[in-house]
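Q: Quick one: the structure is below, questions incoming.
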């Protein structure tokens with residue numbers, strides 16, 4: 001069954017009508033992640049570059065921002081990837097071990113309980129500089145988070 005351009009134009013207003021009638025912010029809330037719990041033992045593990053990564057969540061907030069959270073465990077001397085930059089911002093919550101977080105060429109040594117934050121488009125990289133595995137959570141917020 002083919003549809004002419006004229007018929008398509010007749011259907012277009014009815015397709016757009018629900019979005020136009022929603023109160024401001026409702027469309028974003030309807031597409032956003034619902035409240036949820038993520039038990040650690042149920043998170044699948046993937047292992048790129050000798051890192052163990054547990055993807056926790058990925059989606060859009062009710063306010064429209066993209067959000068992605070994962071936990072990474074690096075072996076001593078390990079790094080998940082070379083230094084890079086992207087549009088979204090990232091935060092690291094160090095749980096165990098000692099990492100070196102390099103931001104725009106400056107290195108910072110972080111241990112358990114420490115937090116690192118990298119602004120949008122700042123070049124950054126992370127490496128386990130300790131003698132034991134290092135585990136940390138990454139929280140990425142903004143355009144392209146998790147892609």
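Yes/no per residue for (1) under 16 Å from the mean Cα position of the chain (by Cα); (2) farther than 13 Å from residue 130 by Cα:
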{"residue": "66", "(1), (2)": "yes, yes"}
{"residue": "70", "(1), (2)": "yes, yes"}
{"residue": "78", "(1), (2)": "no, no"}
{"residue": "81", "(1), (2)": "yes, yes"}
{"residue": "85", "(1), (2)": "yes, yes"}
{"residue": "93", "(1), (2)": "yes, yes"}
{"residue": "97", "(1), (2)": "no, no"}
{"residue": "100", "(1), (2)": "no, no"}
{"residue": "105", "(1), (2)": "no, yes"}
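Q: Residue 54 fails exactly one of the following numbered conditions: (1) under 17 Å from the mean Cα position of the chain (by Cα); (2) at pLDDT below 95; (3) surrounded by 14 or more Cβ atoms within 10 Å (Cβ to Cβ). What is the number of that condition?
A: All conditions are met except number (2).
Q: Tally up the residues in the range 71-91 that are closer than 13 Å to residue 141 by Cβ and in a strand (DSSP E or B), please.
A: 3
Q: Being closer than 25 Å to residue 40 by Cβ, outside any loop (DSSP other than H, G, I, E, B) and at pLDDT 95 or above: is that true of residue 136 here?
A: Considered against the rule, which asks whether it is closer than 25 Å to residue 40 by Cβ, outside any loop (DSSP other than H, G, I, E, B) and at pLDDT 95 or above, residue 136 comes out as yes.
The values are calculated or read from the model by the stated rules, or taken from the named source; none is laboratory data. Just so it is clear, the structure is predicted and the values come from calculations on it, not from any experiment. Virtual Cβ from ideal backbone geometry, glycine too; neighbours counted across all protein chains shown.
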